[in-house]
Amino acid sequence: MDADYQRPIVTVDLTLFTIANGRLCVALQRRENSPFAGEFALIGGYVHVDEDADALAAARRILRAKAGLSGVFLEQLMTFSGPKRDPRGWSASIAYYALAPEPVLAISSSLGIALTPVDAIGPLPFDHNEIVAQGARRLRTKGAYSSLPINLLPATFTMPQLREVYETVMGVKLNDSAFRRKIDELEIVEPVPGAFSKESARPAQLFRSRRAARQEFDRRI
């Protein structure tokens, strides 16, 4: 191999989404090293060629090491590359988006992670603003045609909570009766026998997802 061949920087960046206070948020973490040391950026890191079997393995390792998370929804978004996105040189970032319920992210607060509303993010290092925008667009698009938003909920949830998550992801208000009919027709959730929410004076039936993997619909929710 030519020793003079210039090798690109290869990293993985993660848009880790959750819903906090009724708003779609992304997890940001202060960078420890230069460039942009001390600034908030997406969770990310280098691909370790001696350790990572592929980019997905790198994403899972980074998510576990830097956010203390495993077993959450994770899917490749796209690759961002070029000579200007990183001051260190020509780089390629394989971006992923991940979804987790807010309670699951509680462990991450001690790791310097801050949940920031997607619509209120200031300037970020590198091209992370573009990565966040593309991740949010992917979530909203696929969320309207699939069970993807369920990954933002805990294991059990009420029907109003499910509707609110879809509304937050899609950015629209949904008719309650029509939403319930569609959910019943699509059979993506099932009631948990004998389980009711105690968050209000009137107990509400708790539901859970029928399938762990994302289910796509033949029409908009």
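Kindly list the residues of region 141-157 that lie in the label zone of Glu187, defined by a backbone N under 17 Å from the point 7 Å along the Cα-to-C-beta vector.
Those under the cut-off are 147.
Please list the non-local residues whose amide H lies under 5 Å from the amide H of Val10, H modeled 1.01 Å from N, same-chain partners needing a gap of 5 or more.
Excluding prolines and chain starts, which carry no amide H, the hits are Val47, Ala92.
Given the DSSP H assignment, sum -39500 (n - 2.57) over each helix run of at least 4 residues in the chain and divide by its residue total; what's the result at 222 nm in deg cm²/dmol, nearest 500? Don't skip to the answer; put the middle values down first.
On the way: 4 runs with 52 residues, N = 221.
Helix contribution divided over all residues of the chain: -7500 deg cm²/dmol.
From the phi angles alone, apply the Karplus equation (6.51, -1.76, 1.60; θ = phi - 60°) to region 31-48 and give each ³J(HN,Hα) in whole Hz, x where the residue is Gly or Pro.
Ordered by residue, 3J(HN,Hα) equals 6, 8, 10, 6, x, 6, 4, x, 8, 6, 8, 5, 5, x, x, 6, 6, 9 Hz.
Taking the number of other C-beta atoms within 10 Å as the exposure measure, put Thr158, Thr141 in order starting with the fewest. All intermediate terms of the calculation are to be shown ahead of the outcome.
Working: Thr158 18, Thr141 13.
The fewest-first ordering by Cβ neighbours comes to Thr141, Thr158.
So for the chain, averaging the separation of alpha carbon pairs under 8 Å that are six or more residues apart and normalising by length, what relative contact order in percent results? Don't jump to the answer; show the numbers that get you there.
Details: 364 pairs, mean separation 45.1, N = 221.
Reported relative contact order: 20 percent.
Once a ≥ b ≥ c are taken as the square roots of the eigenvalues of the Cα gyration tensor of region 44-139, is the result rounded (a/c under 1.5), prolate (a/b larger than b/c) or oblate (a/b not larger than b/c)? Spell out each step's value before the answer.
Values: a/c = 1.62, a/b = 1.13, b/c = 1.43.
Here region 44-139 falls in the oblate category.
For Cα pairs less than 8 Å apart in space and 6+ apart in sequence, what is the mean separation divided by the residue count of region 9-138, i.e. the relative contact order in percent?
On the way: 233 pairs, mean separation 45.0, N = 130.
Relative contact order here is 35 percent.
For Ser197, Ser147, Ser34, Ser91, which order do you get if you count the other beta carbons within 10 Å of each Cβ and list the fewest first? Write down the numbers at each step before the final one.
Values: Ser197 16, Ser147 23, Ser34 9, Ser91 19.
Fewest-to-most ranking of Ser197, Ser147, Ser34, Ser91: Ser34, Ser197, Ser91, Ser147.
Roughly what angle does helix 55-67 make with the longest principal axis of the chain, taking Cα atoms, 0 to 90 degrees, to the nearest 10?
On a 0 to 90 degree scale, this one is about 80.
Could you please state, rounded to a whole Å, how far the C-alpha centre of region 74-104 is from the C-alpha centre of region 52-69?
Here the two parts' Cα centres lie 12 Å apart.
Evaluate the relative contact order of region 148-209 (contact order divided by residue number), counting alpha-carbon pairs under 8 angstrom at least 6 apart; express in whole percent. Please list the in-between numbers first.
Numbers: 61 pairs, mean separation 24.7, N = 62.
Relative contact order comes out at 40 percent.
For Phe179, Phe80, which order do you get if you count the other beta carbons within 10 Å of each Cβ and list the fewest first? Don't skip to the answer; put the middle values down first.
On the way: Phe179 17, Phe80 20.
Least crowded to most crowded, the residues run Phe179, Phe80.
Of the listed values (i) 169; (ii) 121; (iii) 148, grab the one calculated as volume of the Cα convex hull per residue in Å³ from the structure here.
Label of the calculated value: (iii).
Once amide H atoms are built 1.01 Å from N in the peptide plane, which residues 5 or more positions from Glu39, or in another chain, come under 5 Å H to H?
Here the answer is Arg31, since their amide H atoms fall under 5 Å of that of Glu39.
Amide H to amide H, which residues 5 or more places from Phe207 or on other chains are under 5 Å from it, using H placed in the peptide plane?
Phe157, Thr158, Val192
Quick one: Karplus J couplings for region 9-20, per residue in order, coefficients 6.51, -1.76, 1.60, θ = phi - 60°, nearest Hz, x for Gly and Pro?
So the Karplus estimates, Gly and Pro as x, are 7, 10, 10, 10, 10, 10, 9, 8, 9, 8, 10, 10 Hz.
Bear in mind that the values in this text are calculations on the coordinates, not laboratory data. All of these numbers come straight from a predicted model, not from anything done at the bench. Neighbour counts run over all protein chains shown; Cβ positions are idealised from the backbone, glycine included.
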